[in-house]
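What follows is a single structure, written as structure tokens, with notes after it.
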Amino acid sequence: MEFTVRACSGHGRVGSLRLASGLEFETPSLLMITRRGLPVVIPPEMLMDLHPDSRACQFTPMHFLEDPLAAVVAKAGGVHKLASLTGFAMVAVARDSLGNEIAGEEASNLGASFETSSGRRIVGLEKYMEVVNACKPDLWVSLPDEVPHWVPEKRNRESVDHTSQWLDHCLSLQHAEHGNRCLGVVVGAGSLEERARSAEQAATRNVAGFSLAGFGLGEDVAQRGFHLEVAIAKLPNDKLRHVCGLGSPEEVLQAVGAGIDLLDSTYPYMLTKECLAMTFPLKMEVPLRNADRDMQPTPDHGVASGFSLAKVNLRSATYGGGRIDETPLVTGCKCYTCKRHTKVYINQLLNSNETLAQTLLEIHNTYHYLEFFKAIRESIKADKFHEFRTWFTSQRVFGMTYDVSESFVA
Amino acid sequence: MLGISPSMALRFEVLARHNRARASRLTLPHYEALTPLFMPVGTQGTIKGLTNDQLEDLDCQIILGNTYHLALRPGADLLDTIGGLHKFMNWPRALLTDSGGFQMVSLLHLADITEEGVTFQSPVDGKPMLLTPEDSIQIQNKIGADIIMALDDVVKTTTTGPRVEEAMYRTLRWIDRCIAAHSRPHEQNLFGIVQGGLDPQLRDICLEGLVARNLPGYAIGGLAGGEGKDAFWRVVAQCTAGLPEDKPRYVMGIGFPLDIVVCTALGADMYDCVYPTRTARFGSALVSEGVLRLTHAAMATDYRPLDSSCTCMVCKRYTRAYLHTLVTKEAMGSQLVSYHNISHMMQLSRNLHSSILEGRFPEFVQSFLQKQFPKGDVPDWVCNAMDVAGIDISMCRIPQSA
């Protein structure tokens, strides 16, 4: 595995990551979400062609803890072969916001505590590494003792100690032939001193990179910024940095601005579940629109300049000569959904509770988010990341999404 | 070779035969299809979760849409304004819509049939509403499918008595109203539906009446509703014998592969059913041997693909064991099984067409039955039907007393 920093803009950096499998891609990069190895709603055979950058996925080892799936993945020879995703990067992240949240307030020497869909469970080190080794991920996060920022000092210190010990234990249990693929966890939650201590300890280990944990748990945004800064200051520049728990566009920008290279995000899927299509603009050159004016998607080339929350009553659309919206979710978007289907069709699918609606929305939302990450990288290469971030967060007020379910009322 | 009628928008060419079975080319306004073929059911303009690309990859030729659901949402007028269901869905191949009548009767509370039409309570506001043959055809004209179905008076196959006769005669009266109301005979093919329950005399009268109307194609309706298999195949045999050679024959609501093979042997060309996708949602996969219950504990250690002779994306990539872990836990599980099941039905369609075309239909039937009944316990009704079809399946059958 090789990671090389190619360009910088402030603390943000563009890197090129070359995995042992030969797969190469640019960072900062989005890791797409999977469950039990497969995308949640996107047909797996469509994943390769979804977007030029749609090559990297996250998965959680927690799904593979028990038989029969534990035995099945071992027999298949890893998660790539199991899910037929050879040619993809599969990154094992212990915590995932689709069902394996940390339950770290309790102390335990036995292992890390997670809230899963089948209740709270403790995952021990041997078991965790057994699953990691069976899955053969391209990168994997060490077992974290992750706690939220409000825990007492003593518990916080304990989490730093556990995490460091467990990192060593995980490293001792990793299969040698899988090479150096570990992302050592850095915790520290509510204390900047503890955060620095955790980072210092992880920095001395023989790892491929680091995974910053304890975020996305209701912490203050400014505090989060300090924690990212303090941790990253202690980490070597030439190793990968991943963060878990952060996924919205603002969180991504904040993380990238601090020096993060990899993020797994459920943001596209969260929008899909709410019947929302991602429509925010991606190009700084688009002039901001007056928020008072009713904004319509314009036929600009490849740029979404806004959204329309105008509610079109279907009856008026048919009897009153009103507009039926036969435009795609985002005009000019090159995703599968936008090239083939219209808002009115997707609205019909949603109102009829058809699962195809979720599939089409998720394809678009994932594509749009991958374009967002690409725009971030372009801005870093042009040394304009700060401007890009300022521009993006200021136009946020005009709305980020198109509510497909509300646009037509039958 | 073909009957040409002024009210046709299709061409049907029988390319090869084996006794009653035929392999044909059905040229429709939007697509050139090969029969025998299975048509997946799309209800609201989509087959459960599958994208258009996937449907094309699976070789789906004609998809069925339900007029009742489409009329409710998004509505016939919207579809008309947009330019039809093809354009709305962006589906480049063929579509068929049903009349809406069957769904109403089966889905709606207090639906009733009178000479005027089907009366029912609006599902939106409970007000009494009426669907006449004219309404059904007008709605279907707006939806714009390649094939549209006449509104028929359909009764349950288990119904007996004068109601069956009443329904058959009403169906004949209604076909004339449908023909009169059809405003796009050169773009859409109106199929009549043969009714008459399980009564051969009633079926004969209906057949005669519909054939005399010189329609582009015919469906055999009123089956797949709980009648015994023996009665079922006899009705199909009688109807295919009574329908014109040079027009397509569509047996409605048939989806079990065994039923499709038998009906094909007896001379039918088109089939539709929700079965393949519905059974996928319960974790059942269609395979050469029959039905594979993926939820079964034994699947957890079965590392074979669903069907060793299937070349679909699912069978190329995933094992039964993996699918077993997915089906009850992830929506993706039943998505993948749905995909495979549709593939299975389309492969069956291709096998039927090519085996008849290539003069090896009996061998195909024999091989099919041997896989489904490895112990030789082919049901009597299948044997009787194959007798009438003139297909020797004696080698598939081991007498049970032996």
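Odds and ends about this structure:
- From B:A280, B:A300, B:A321, residue being among the hydrophobic types (A, V, I, L, M, F, W, C), within 14 Å of chain A (Cβ to nearest Cβ) and surrounded by fewer than 20 Cβ atoms within 10 Å (Cβ to Cβ): B:A300
- Where B:L10 falls short, out of the listed (1) at pLDDT 95 or above; (2) more than 11 Å from chain A (Cβ to nearest Cβ); (3) over 21 Å from B:R184 (Cβ atoms): (3)
- Options A:P43, A:P68: the member that is surrounded by fewer than 21 Cβ atoms within 10 Å (Cβ to Cβ) and farther than 23 Å from A:R181 by Cα: A:P68
- All conditions in (1) within 12 Å of chain B (Cβ to nearest Cβ); (2) at pLDDT 95 or above hold for A:R323, with the sole exception of (2).
- Evaluating B:T160 against the criteria (1) modelled with pLDDT under 95; (2) assigned to a helix (DSSP H, G or I) leaves one unmet condition, (2).
- Tally, over the stretch A:1-51, of residues that are basic (K, R) and more than 30 Å from B:D53 (Cα to Cα): 3
- In the condition set (1) modelled with pLDDT of 95 or more; (2) of a type outside the set (G, A, S); (3) touching a strand residue (DSSP E or B) at 6+ places or on another chain (Cβ under 7 Å), A:L192 is compliant with all but (3).
- Selection of strands (runs of 3 or more DSSP E) fully inside the stretch B:270-325 by the criterion of at least 1 residues being within 23 Å of the chain's Cα centre (by Cα) and within 14 Å of B:L336 (Cβ to Cβ) returns B:284-287, B:290-293.
- Taken over the stretch A:351-377, the residue count meeting the criterion of being within 9 Å of chain B (Cβ to nearest Cβ) and touching a Leu at 6+ places or on another chain (Cβ under 8 Å) is 4.
- Residue check for A:E146: under 23 Å from the mean Cα position of the chain (by Cα) and either assigned to a loop (DSSP other than H, G, I, E, B) or modelled with pLDDT of 95 or more (or both): yes
- When A:R157, A:R95 are checked against the criterion of being basic (K, R), in contact with a strand residue (DSSP E or B) (Cβ under 6 Å, 6 or more places away or on another chain) and surrounded by 16 or more Cβ atoms within 10 Å (Cβ to Cβ), a single residue qualifies: A:R95.
- Candidate set: the stretch A:80-108, residues that are on the phi > 0 side of the Ramachandran plot and either assigned to a strand (DSSP E or B) or at pLDDT 75 or above (or both); chosen: the one farthest from the other protein chains (Cβ to nearest Cβ): A:G87
- Selected residue (criterion: nearest to B:R17 (Cα to Cα)) from residues of the stretch B:205-250 that are in a loop (DSSP other than H, G, I, E, B) and of a type in the set (K, R): B:K247
- Within the stretch B:87-99, the residues that satisfy the criterion of being away from every other protein chain (no Cβ under 12 Å) and crowded, with 22+ Cβ neighbours inside 10 Å are B:A94, B:L95, B:L96, B:T97, B:D98, B:S99.
- Residue within the stretch A:267-283 that is of a type outside the set (A, V, I, L, M, F, W, C), at pLDDT 90 or above, within 30 Å of A:C182 (Cβ to Cβ) and assigned to a loop (DSSP other than H, G, I, E, B) present: no
- Which listed residue, of B:L10, B:L78, B:L26, B:L85, is in contact (Cβ under 8 Å) with a residue 12 or more places away in the chain and over 22 Å from B:N214 (Cα atoms): B:L85
- Here B:G253 meets the list (1) modelled with pLDDT of 95 or more; (2) in a loop (DSSP other than H, G, I, E, B); (3) closer than 25 Å to B:I47 by Cβ; (4) not aliphatic (A, V, I, L, M) almost entirely, failing just condition (1).
- Every residue from the stretch B:15-26 that is surrounded by 16 or more Cβ atoms within 10 Å (Cβ to Cβ) and touching a Leu at 6+ places or on another chain (Cβ under 9 Å): B:A16, B:R20, B:A21, B:R22, B:A23, B:S24, B:L26
- Residues of the stretch A:172-198 classified as free of Cβ contacts under 8 Å to residues at least 40 places away in the same chain and surrounded by 24 or more Cβ atoms within 10 Å (Cβ to Cβ), total: 2
- Selection count where residues are within 23 Å of the chain's Cα centre (by Cα) and more than 26 Å from A:A20 (Cβ to Cβ), scope the stretch A:199-232: 18
- When restricted to residues that are within 21 Å of A:S21 (Cα to Cα) and in a helix (DSSP H, G or I), the stretch A:149-185 contains 4.
- Under the condition of being without any contact (Cβ under 8 Å) to a residue 40 or more places away in the chain and charged (D, E, K, R), the residues counted in the stretch B:174-220 number 6.
- Tally, over the stretch B:327-347, of residues that are surrounded by fewer than 21 Cβ atoms within 10 Å (Cβ to Cβ) and within 11 Å of chain A (Cβ to nearest Cβ): 3
- A:S9 vs. criteria among the hydroxyl-bearing types (S, T, Y) and in contact with a helix residue (DSSP H, G or I) (Cβ under 7 Å, 6 or more places away or on another chain): yes
- Selection status of B:L266, crowded, with 20+ Cβ neighbours inside 10 Å and in contact with a Ser or Thr (Cβ under 7 Å, 6 or more places away or on another chain): yes
- Hey, B:Q54 assigned by the TED database to the domain that holds B:Q121, in contact with a strand residue (DSSP E or B) (Cβ under 8 Å, 6 or more places away or on another chain) and under 23 Å from B:M270 (Cβ atoms) or not: no
- Criterion (modelled with pLDDT of 95 or more, crowded, with 24+ Cβ neighbours inside 10 Å and more than 19 Å from B:L294 (Cβ to Cβ)) met by exactly one of B:F361, B:F373, B:F368: B:F361
- Any hit, the stretch A:24-47, residues being modelled with pLDDT of 95 or more, β-branched (V, I, T) and touching a Gly at 6+ places or on another chain (Cβ under 7 Å): yes
The values are calculated or read from the model by the stated rules, or taken from the named source; none is laboratory data. Only a predicted model underlies this, so the values are computations on that prediction, with no experimental measurement involved. We place every Cβ from the backbone using ideal geometry, glycine too, and count neighbours over all the protein chains shown.
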